[in-house]
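What follows draws every value from the coordinates through simple rules; no lab data is involved. Just so you know, these numbers come straight off a predicted model, no measurement behind them. A quick note on method: Cβ atoms are made from the backbone with ideal geometry, for glycine too, and the neighbour counts reach across all protein chains shown.
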């Protein structure tokens, strides 16, 4: 039976993958997430959408499909999540893999916020998409010298700048989000807390506690269902027969009805519990001559105080995330000397990282420097103040990267070159099984054998398997 499910999954995947998503469809699908990230992190929505279109080929690239990676972010820094391998600037490079597209969007924002190369961008106005595009190119987000121009072209072609002035959307639910009674929910994973779930979903701790009738001194347990939005005034079913393990809160959680409404519909005093076998109404109010027989008085989780639903007031992003200010960054102060003397093992990238100075600036201040043939003992300038500035120095409105406007007919071809869309490789790690690998990439054992030229599949830690061609 498991094999049949795998085959069915592969058939559905092939059908789904065959239908390529257009840029307009991509924008419509993910614009709300881009706007949310803009308010949460300070990255303009136009930038997020343009990079998503470009780096993932509008969600059609293999990296996007098999790893949910829409921004081509590699395994740099302290990445401890899932990975996938593909050819890019070099063969068999490591890329980050995500559980969902939403996770990719969040990590994209964090990647920009935490990297010193992009800190200056957060000092720009949120509507300065041109400054952001040029800054991304200068900071080295991509190796293509026309990267900034291409992003500007995409933003203007699809009017993505319109999203940079939009307010925080409400009731956004991910495409793969599980719901109960039309309300998004999630199952608590091991180690998750009220605080971590609140941060992940852009709300405060008290929102999660209120929506789930959870007292201040109570934590969530693994496997428990948590509502990520307020429950409904009516339950998903008409009635419920009380079992021995039931209480009013558990019934409220099971059917997605507000606990307060559950008490009202059954004409019960808040905090009392029904006896086993009683019928609880969840959609209409019970008759006065049909009271619920109760067994106890108010329990410990009784409501303590009134709560103002955040969706009933004007929301601001400073109220809904763990960031006090989306544009404020924890910058590291680097004492940059006037010069650097080249040592064994130095290269232009390492020097730039050491002093937080862009490679482009180092080359501009040292016109005689050959980055491919640097000599040990050679002294290079690290400060612009030590360089004689020419009278015709370019302004920020005419940056040096805008060398040649790519023709519109070449944009699509450049997108294909930038998007990571070649064969994908999976590195077997502890805990992997053949079944889970097939399920994750929606492939069969026969496909793995064929792609990897193997007579049989035996999984070993450290083994690399081609999982998409």
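Annotations
- Going from the residue with the fewest nearby Cβ atoms within 10 Å to the one with the most, 245, 252 rank 245, 252.
- Label-zone membership for the stretch 249-264, site residue 272, 7 angstrom Cα→C-beta point, backbone N under 14 Å: 263-264
- Out of every Cα-Cα pair that the stretch 122-275 contains, those further apart than 23 angstrom amount to 55 percent.
- Where labels lie 7 Å past Cα in the beta-carbon direction, separation of residue 463 and residue 287 in nm: 6.9 nm
- With R₀ fixed at 41 Å, the C-beta to C-beta distance from residue 346 to residue 19 puts the FRET efficiency at about 0.25.
- By the count of other C-beta atoms within 10 Å, a proxy for reagent exposure, 46, 57 are ordered fewest to most as 57, 46.
- Between residue 368 and residue 241, the simple label model (points 7 Å from Cα in the Cβ direction) yields a spacing of 9.3 nm.
- Spin-label zone in the stretch 147-165 - amide nitrogen under 11 Å from a point set 7 Å from the Cα of residue 127 along the C-beta vector: 162, 164-165
- Here the gap between residue 376 and residue 216, fully extended at 0.36 nm per residue and compared with their Cα-Cα distance, gives a gain of 51.4 nm.
- Fully extending the segment from residue 99 to residue 114, taken as 0.36 nm per residue of separation minus the present Cα-Cα distance, adds 3.3 nm.
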